[in-house]
1. Read through the list (1) touching a helix residue (DSSP H, G or I) at 6+ places or on another chain (Cβ under 9 Å); (2) open to solvent by less than 30 Å² (accessible area, probe 1.4 Å), then give the number of the only condition that B:Asn91 fails.
2. Somewhere in region A:109-124, is a residue outside any helix (DSSP H, G or I) and either assigned by TED's automatic domain parsing to the domain that holds A:Leu272 or surrounded by fewer than 22 Cβ atoms within 10 Å (Cβ to Cβ) (or both)?
3. For residues that are touching a Gly at 6+ places or on another chain (Cβ under 6 Å) and within 10 Å of chain B (Cβ to nearest Cβ), scanning just region A:312-330, find the one that is farthest from A:Ala158 (Cα to Cα).
4. Can you find a residue that is part of a helix (DSSP H, G or I) and not assigned by TED's automatic domain parsing to the domain that holds B:Gly164 anywhere in region B:25-48?
5. Would you call A:Val293 in contact (Cβ under 8 Å) with a residue 24 or more places away in the chain and within 20 Å of A:Phe475 (Cα to Cα)?
6. Just checking, does region A:144-157 include any residue being among the acidic types (Asp, Glu) and within 23 Å of A:Ala459 (Cα to Cα)?
7. Any idea how many residues of region A:154-186 are away from chain B (no Cβ under 12 Å), assigned to a loop (DSSP other than H, G, I, E, B), of a type outside the set (Gly, Ala, Ser) and open to solvent by 30 Å² or more (accessible area, probe 1.4 Å)?
8. How many residues are within 24 Å of B:Ile313 (Cα to Cα) and buried (at least 24 other Cβ atoms within 10 Å of the Cβ) when one looks only at region B:372-391?
Number of protein chains: 2
Amino acid sequence: MSIKQTQAWQKLSDMKKKLVKEPLSVGDGLQVKTDKIIFDYSRQLVNENVMAALMQLAEEAGLKSKIESMFCGQKINVTENRAVLHTALRNLSGGPVLVDGRDVMPEIKAVLQKIKGFSSRIHSGEIKGITGKPLKNIVAIGIGGSYLGPEYLAEACAPYTVSGMKLSFISNVDGTDFARKTASLDPETALFVIVSKTFTTAETMKNASTAKKWMISKLGADPNVIKKHFIAVSTAADKVKAFGIDPENMFGFWDFVGGRFSATSAVGGVPLSLYLGYDNFHKILEGANWMDVHYRTAPLSENIPVISALLDIWNINFMGFKTRAILPYSQAYSKYAPHCQQTEMESNGKSVLIDGTPVDFDTGEIVFGEPGTNGQHSFYQLIHQGTTPVPADFIGFLKPQYNVGQEDVITHHDELMTNFFAQPDALAFGQDSNDPHKKFSGKRPSNIFLLKEQDPFSAGLMLALLEHRVATKGFVWGLNSFDQFGVELGKKLGLDIRRRMELFKKDQKDPSVYAGLNNSTAKLLKLYLSGELYS
Amino acid sequence: MSIKQTQAWQKLSDMKKKLVKEPLSVGDGLQVKTDKIIFDYSRQLVNENVMAALMQLAEEAGLKSKIESMFCGQKINVTENRAVLHTALRNLSGGPVLVDGRDVMPEIKAVLQKIKGFSSRIHSGEIKGITGKPLKNIVAIGIGGSYLGPEYLAEACAPYTVSGMKLSFISNVDGTDFARKTASLDPETALFVIVSKTFTTAETMKNASTAKKWMISKLGADPNVIKKHFIAVSTAADKVKAFGIDPENMFGFWDFVGGRFSATSAVGGVPLSLYLGYDNFHKILEGANWMDVHYRTAPLSENIPVISALLDIWNINFMGFKTRAILPYSQAYSKYAPHCQQTEMESNGKSVLIDGTPVDFDTGEIVFGEPGTNGQHSFYQLIHQGTTPVPADFIGFLKPQYNVGQEDVITHHDELMTNFFAQPDALAFGQDSNDPHKKFSGKRPSNIFLLKEQDPFSAGLMLALLEHRVATKGFVWGLNSFDQFGVELGKKLGLDIRRRMELFKKDQKDPSVYAGLNNSTAKLLKLYLSGELYS
């Protein structure tokens, strides 16, 4: 049954019709306080009746039991017949978690121990490069889920780096990414981490193979060059070995960890433990686990991921707002929005229910964002005065990450936070004016998330908040948020173009190079292969 | 009169009702070919009748004469009583351009000469730092329009750098930005470029003042430290001098150059000439001028900015698609989407016509994007299978920027371009399947822009294409795309919060600190000022 058939959905539709005409009142009660994060949603276009109906919607959708099924390891990713257990990765003091009758916690802990041991031996200098130099330049090669989450965490936690360690990411198959990231890289101190579950991801394997050639060209063809300067995060032991990596230096994960939910597995664990130290990675896990426990145990009406997800549903399905802006007032969180973009849009950008029925309502929203105050000088004009309201998430911190200009009466962080406090009210309440160009309609909804520090714990907490908000929307809508078949067709057509390129390179006159393509693609491909803008 | 009252608008509404049910046919003729760029729009949900009606809409809006008014220096930014003449900045072989009867071209050329002279004296070592070292580390401090355009151009043209020169940007008032960018900066070789038209932009002046203190702490309080290590791009000579900068080292621009259109003024010219050399900056100007000439002279039906803008209008106002994805298949163009986001959303995120009448149709779309293939592993799932169609711009290049793996049959660039050619067809034609999870609806519109090289000329061309596409939409809709009053209210409320913070810092018990704030803001501000998550 579509969620649209529930009583709650009907109630919400009726309420929406009435509510849009009422002025916004900032509700005192619309706040969740914990000792780690405050979530204030008093500027959403809701009242207590709407909130009650949203809670009813969650109940009619069976949300509580779906959450529990996820945590318990049931195979809720039905299209791929997999459990969804990124929460187990950080449930280190919890009990057993069974998948097909097997407790996965010992395996999870064993991989963590291996990461801890390996990274500490790198930091101590026990493990060295082939010329005897310490391995200080970590280069993680991965794309999508093997890249965006770890990158967000690395940026957010950069001041916590182990002294001297550097971390960079190569993701794009565009050679520019490889060329620029290796331009001033010292091969003797470089450690490449190849991150690909199957060790077949096209972009990653292309970059890995180029990295291998590059290292051989710099340090010689001795197999130990690869053995000592490459490690893998993968589940494909044979392919890892065939590449030349010591199977001892492969860090595993499991099919119950999806790419975009894998930042707290070895996918994030290996590069982040090398960069920040294992203890800081462990603090990321603690922060994520704190949010996991909150999500699993807090009543729905005091549950931050649940409320924020239900408000998204209200905004998307009832208010008709199909985009959302993510606005961390934190330069350290500059890569949070791109990671959210992936997690939200890849999970819930779907048109069928979990059983394959086409949806009859809108699903996942388009999310985008930049750190404040930068965004204020860019796209906020539209958020304040455009014709398409964009619900916004403001994320702020009580403390700065660096003490810059702390001797000033108004510090850099104060200046930042004046904006953080001002913008949600400007959006909510607007301003009348005799000059129509200076009128602000107000009634533009936003959330405020306020945390203490920009530390690894908070970074992990915000990661898990995102994951659970996404999952909640999928649970209520009745989607499978954990597959991503929408990326398959492009891959398939890409392989077809690749085959045509190979044909061309064998025989430029082979007529089958362009056979069956539409005229537009055929012409453009011809231009590309001939290397001229005109054919 | 609202553009909605035109015959063409009514025609387009009628056509839309019929068109959505027809299958997409990739039209051979829907392409503009030039010797610098090919624009293929055959995958838009249009036919020749729609295109004809869009051209009629442009005519009924008086587009041609509005374009001409802009180029001629008429004060089309009526709310601020300013001309809009970023095109004059690169019209170096053209005739006079009059503003208030004064030819501005000599002033423009004089600033360019000054930039050329200054940057060449830096590169030759004639101008040195206070300790006699060459100034190789350029740090541009600016935000919004003083940052995003130059950053896009710097990233796009990075391989063209003058040997040894480095360029970084500090924009965010969050001290993290300053701290990280200066962490390994050598003060003796640093040259700060302070970019602010009025020299009052809060973020920029805060960062500039912190930079000044930082330099004094490193190199001493000698006024020559500031004189030799700081220059300005500004129009506020008095304030620049008061800061301690030699007025000789101030590079001017004019009120006819708006922030987000200023990348080809001294705003971009100074940092980019220092980084890339003046000759490469000049090539950026040439590329922009090429597009300016095309925009001003090509018939509307062969005019790339005009057609792309009219298709945006079709998608926004008739198809109801209020977002657009910008997808350069180029890692070098990784900062193009953020610059587009600013230029589009700040210009056309408006709710009133140029005369102050409220609009009765949707205006500027939400734009976002990441380079391909990275985006494919992130948000493309929604673009392929979500419920909200997202028109997409694919931007590709015939040649790679770096020769990486050119010995392979399928090079990095080939691999990238297989995706570039495959994705638009996957979106347009979709795929049927017995498995509903693997169905692709198709009929998802996209544009293809294909250029030769990722060089300064192309970067300038793509900059101007963006500027003119944005202006065209404003001209047709009847907006003023050149003001931005939507950013004022947030600033005003920010100053109010700032005043409260100052009160608190004088007397923590002053009751007026929180007086008049709503409960939510009062509570959150109290938490911030008390430094505790709980009050």
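The values are calculated or read from the model by the stated rules, or taken from the named source; none is laboratory data. Worth saying up front: this structure is predicted, and the values here are computed from it rather than measured. Here the Cβ positions follow ideal geometry from the backbone for every residue, glycine too, while neighbour counts run over all protein chains shown. Accessible surface is based on the protein model in full, side chains and every heavy atom, while ligands, DNA and RNA are left aside. Shrake-Rupley method; radii C 1.70, N 1.55, O 1.52, S 1.80 Å.
1. Failed condition: (2).
2. No, the conditions are met nowhere in region A:109-124.
3. It comes out as A:Ala325.
4. Yes; the residues of region B:25-48 include at least one that is part of a helix (DSSP H, G or I) and not assigned by TED's automatic domain parsing to the domain that holds B:Gly164.
5. No, not satisfied.
6. Yes, region A:144-157 contains at least one residue that is among the acidic types (Asp, Glu) and within 23 Å of A:Ala459 (Cα to Cα).
7. The number of residues fulfilling the criteria is 2.
8. The number of residues fulfilling the criteria is 9.
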